[in-house]
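As structure tokens, the structure follows; a few thoughts come after it.
The values are calculated or read from the model by the stated rules, or taken from the named source; none is laboratory data. Because the structure is predicted, anything quoted here is derived from the model rather than measured. Backbone-built Cβ (ideal geometry, glycine too); neighbour counts: all protein chains shown.
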Amino acid sequence: MLSKSWSRRAFLRAAGVGIALPLLESLPRAYGGEAGRAAAPPTRMVCVGNEFGMYPGAFWPTTVGTNYEITPLLKPLAEHRRDFTLFGHLDHGQKGGHFAVHTFLTGVKSAEAKGMPEGGISLDQRAAEFVGSRTRFPSLAVGSEDGLHGGCMMSWTRTGTRIPPVPGPRELFRALFIDDDSSKKQEVASRIARQGSILDAVLGDANSLKRKLSQADSQKLDEYFASVRDVESKLELDRHWQNIPKPRVDMKEPENEGLTRDLPKIYDLLALALQTDSTRVSTLEIGGSFAASDLGIKRGYHSLSHHGKVQENIDLLTQIELYQ
């Protein structure tokens with residue numbers, strides 16, 4: 001577990017506000033992964049976003065330099081102010097209100113992704129292309145599938161495909177720390193072999209077809225090949241990790257209790273995922289299903305985001321965002 005002097009939640013909150021953290025000696029390397037053998041901790045990325053953003057007046061400092069005046073939403077990080085940087089004045093230029101949240105890590109709307117050089121790939125997946133092969137999970141996408149726009153939409157592949165999230169702490173714990181039994185392992189091995197055979201056949205047919213296509217159709221086929229290569233890479237990783245035991249941690253399997261109550265457990269699990277070097281890249285979307293009532297707030301989270309500059313509404317909204 002992480003030491004008491006460095007809160008797991010504080011670490012993840014730091015990563016979630018767009019901070020490039022330095023290599024932190026206080027993150028233990030006790031679980032024997034590549035991070036445990038390395039002379040220095042590996043580079044990691046955690047991206048946390050919510051549908052309604054943060055209230056600027058409670059988040060952004062009005063002074064500059066390392067001794068800037070701590071704002072209400074940055075108070076939990078006050079003792080670590082020298083370990084992170086706040087970047088402002090960054091704007092994708094995308095409009096669409098809450099329905100543009102899927103552009104957070106891509107800078108492009110999904111409907112327009114095919115015309116982009118990088119195909120609408122999200123920042124986390126770009127990072128996973130560099131470091132993902134070194135860990136069991138190249139990246140982890142976590143988030144509720146409930147919300148205004150109908151699902152968690154932070155992570156996107158190079159081919160513009162949404163990556164479905166791990167929906168709750170129970171599923172995340174099992175993925176990270178519960179090994180498959182022998183029958184499940186055999187089932188997975190058969191699936192990997194079957195999918196590999198299908199890919200070989202599909203690639204053979206596609207390569208034969210490409211010689212007969214127009215330039216435009218060849219480009220479409222290249223996009224298809226990119227998708228196939230993604231699947232191939234995942235199959236190779238599945239083969240590699242299939243019989244390697246998952247790490248053991250001092251934490252019981254949690255129950256799913258709804259996004260608001262689950263959030264602290266999810267932060268803990270994401271921190272453990274980094275600590276055990278199970279992944280080095282992760283995202284967490286805090287969706288519109290966040291229930292303010294679980295915090296004793298009678299107003300809805302969405303309605304408070306439209307605060308109308310009413311101080312009572314702003315105070316309640318800040319309370320929600322501080323919890324997040």
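So if I check each of Leu148, Leu123, which one is more than 30 Å from Glu253 (Cβ to Cβ) and at pLDDT 85 or above?
After applying the criteria, what remains is Leu123.
Out of Phe130, Phe177, report the one residue that is crowded, with 18+ Cβ neighbours inside 10 Å and among the aromatic types (Phe, Trp, Tyr).
Step by step, each of Phe130, Phe177 is checked, and only Phe177 is crowded, with 18+ Cβ neighbours inside 10 Å and among the aromatic types (Phe, Trp, Tyr).
Here are some conditions: (1) closer than 23 Å to Ile314 by Cα; (2) within 19 Å of the chain's Cα centre (by Cα); (3) modelled with pLDDT of 50 or more. Gly16 meets all but one. Which one does it not meet?
For Gly16, the failing item is (3).
Can you name every residue in the stretch 289-315 that is in contact with a Leu (Cβ under 7 Å, 6 or more places away or on another chain) and surrounded by 21 or more Cβ atoms within 10 Å (Cβ to Cβ)?
Matches in the stretch 289-315: Phe290, Leu304.
Filter the stretch 115-126 down to the residues that are in contact with a Ser or Thr (Cβ under 8 Å, 6 or more places away or on another chain) and part of a loop (DSSP other than H, G, I, E, B), then identify the one that is surrounded by the fewest Cβ atoms within 10 Å (Cβ to Cβ).
Applying the filter and picking the extreme gives Gly119.
Scan the stretch 107-122 for residues that are closer than 10 Å to Thr157 by Cα and touching a strand residue (DSSP E or B) at 6+ places or on another chain (Cβ under 9 Å) and jot them down.
Those that are closer than 10 Å to Thr157 by Cα and touching a strand residue (DSSP E or B) at 6+ places or on another chain (Cβ under 9 Å): Gly119, Gly120, Ile121, Ser122.
Considering Glu112, Glu129, which residue is more than 19 Å from the chain's Cα centre (by Cα), over 26 Å from Ala58 (Cβ atoms), assigned to a helix (DSSP H, G or I) and assigned by TED's automatic domain parsing to the domain that holds Asp315?
Answer to the selection: Glu112.
If a residue has to be of a type in the set (A, V, I, L, M, F, W, C) and under 15 Å from Ser155 (Cα atoms) to count, how many in the stretch 274-294 make the cut?
Result for the stretch 274-294: 3.
Given the condition among the acidic types (Asp, Glu), at pLDDT below 70 and closer than 27 Å to Arg126 by Cβ, answer yes or no: does some residue in the stretch 206-225 qualify?
yes
Within the stretch 20-62, count every residue that is touching a Phe, Trp or Tyr at 6+ places or on another chain (Cβ under 9 Å) and modelled with pLDDT under 50.
6
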